[in-house]
Amino acid sequence: MESFGHLLRTKREEKNISLETASRDTIISKQYLEALESENIDIFPGHTYVTGFLRNYSDYLGLDSTYIVKLFKSKIMQEAPVPEELIIKHRISKKLIAAIAGGAVGLCAAVVLSLYFTVIKPGRTKAAAVDLGKNKGQSYTISAIPLQRRLYKGDTIRIPFPENTLSLSVEKTLNTLALGTPIGVQYVELGEELEMDIDGTGGADIVVFLSDISKENEDLGAEVRMFVKAGSTAALSASELISAGSVALESGEVLKDGTKHTVILQDNRAYPFTINASFRGMCLYRYKSDRSDPSEHFLTSGDTLKVSAQSALRLWISNANTVKMQLVAEGKSYDLEMGRPGQVLVQDVRWIKEADGVYKLTVAEVD
């Protein structure tokens, strides 16, 4: 059997990349890279970390990360000792032990291949594989400010017009995106930017760009970027809606509870919000939405994760500089500041109701 450590070291040397350069590019400590190449896995906190580091390092070197992880898991299974008392009490023969070990290796390989063909391969999109916070049947309002998010069948898009608000329904998210409009169903192909007439007046009202959609699983949704086209009838109404609605405030405001918050927006009511996180390096990411139990995931470069909440969300981030976060509320998006390299960051994102009845959506760093 091939050695995953030998493959990593050989590929790095072929590319004439030093360990220092690889460490800087992958944001993985040099000692961990050396450990991977020497197959010294005892220094890692657990096998989950080894698997994550292997995927990131293999992708960086241009190796097949699925195959590298398979070699690692096979090595673990082969080196796992058979308990002595099991051999004595049941007198298991060496041939049977070898058969059991071989079967375990085969099972491990089957699991890895199954994960590859059911999670990683479909649509070639890591975003869908870790899009754990998706909520279907959501409703969004778009304006001249581009809205970029993953839509699912059953979602609704609202477009404000001077006399009323028109709605689009997401009818299909398989191979092509189908949007139900007041004048009929309209289709958007992958990679297409479509100027869409939705009120039947003959002019384009909105622009829709489809950047990702699965050809095999409709439940993965479709990643779109859409906005009201400048100069359209809807554009005036949308701009009036923005000016009359939520108001962004300056950061660092001290609220009634005496703590310092960054106020993202304020309104006369509280409504659900979403945090879209994208990762450029390895990160342990934990979150607690409202009163649900905490969830924890080990993510790496290229992964994305979406989490929604009704009123409060707490985030734990092991390496703040590796993640970029965007808050989306009522169809509007706001970029949240990134932390320092190596910083362990804990943040609360929540609605606070002031004495005057105004609701403020705030972000506060927790010690």
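The values are calculated or read from the model by the stated rules, or taken from the named source; none is laboratory data. Owing to the predicted nature of the structure, the values given are computational and were not obtained by experimental measurement. Note that each Cβ is placed from the backbone with ideal geometry, even for glycine, and that neighbours are counted across all protein chains shown.
For first residues located in the stretch 180-203 and of a type in the set (Ser, Thr, Tyr), partners that are part of a loop (DSSP other than H, G, I, E, B) and surrounded by 12 or more Cβ atoms within 10 Å (Cβ to Cβ) and lie 6+ apart or on another chain with Cβ distances below 8 Å form the pairs Thr181/Ile198. Scanning for something surrounded by fewer than 16 Cβ atoms within 10 Å (Cβ to Cβ), in a loop (DSSP other than H, G, I, E, B), in contact with a helix residue (DSSP H, G or I) (Cβ under 9 Å, 6 or more places away or on another chain) and at pLDDT below 75, does the stretch 72-88 turn up at least one residue? Yes, some residue in the stretch 72-88 is surrounded by fewer than 16 Cβ atoms within 10 Å (Cβ to Cβ), in a loop (DSSP other than H, G, I, E, B), in contact with a helix residue (DSSP H, G or I) (Cβ under 9 Å, 6 or more places away or on another chain) and at pLDDT below 75.
From the list Gly180, Gly203, pick out the single residue that is out of contact with any Gly (no Cβ under 7 Å at 6 or more places or on another chain), in a loop (DSSP other than H, G, I, E, B), over 23 Å from Asn276 (Cβ atoms) and modelled with pLDDT of 80 or more.
Answer to the selection: Gly203.
Just one of the listed residues (Val323, Val358, Val344, Val328) is touching a residue at least 60 places away in the same chain (Cβ under 8 Å), under 20 Å from Phe279 (Cα atoms) and in the same structural domain as His261 (by TED's automatic domain parsing), and it is Val328. Among the residues making up the stretch 325-355, those that are in a strand (DSSP E or B) and either among the β-branched types (Val, Ile, Thr) or in contact with a Cys (Cβ under 9 Å, 6 or more places away or on another chain) (or both) are Val328, Val346, Val349, Ile352. For the stretch 34-53, a residue qualifies if it is within 21 Å of Arg280 (Cβ to Cβ) and at pLDDT below 90, and the qualifying residues are Thr48, Tyr49, Val50, Thr51, Gly52, Phe53. Looking only at the stretch 162-195, residues that are surrounded by 17 or more Cβ atoms within 10 Å (Cβ to Cβ) and polar (S, T, N, Q) come to 3 in all. Taking every residue in the stretch 300-318 that is more than 29 Å from Asp59 (Cβ to Cβ) and pairing it with any residue that is among the aromatic types (Phe, Trp, Tyr), at least 6 positions away or on another chain, the pairs with Cβ-Cβ distances below 7 Å are Ala309/Phe273; Ser311/Trp351; Leu313/Tyr287; Arg314/Tyr287. Do we find that Thr274 is β-branched (Val, Ile, Thr) and more than 26 Å from Leu220 (Cα to Cα) in this structure? No, not satisfied. Looking across the stretch 279-299, just one residue is among the small types (Gly, Ala, Ser) and either free of Cβ contacts under 8 Å to residues at least 60 places away in the same chain or in contact with a His (Cβ under 8 Å, 6 or more places away or on another chain) (or both), and that is Ser292. Within the stretch 46-69, if we keep just the residues that are charged (D, E, K, R) and more than 16 Å from Ile17 (Cβ to Cβ), the residue that is surrounded by the most Cβ atoms within 10 Å (Cβ to Cβ) turns out to be Arg55. For the stretch 302-329, filtered to residues that are of a type in the set (D, E, K, R) and surrounded by fewer than 19 Cβ atoms within 10 Å (Cβ to Cβ), the residue that is farthest from the chain's Cα centre (by Cα) is Arg314.
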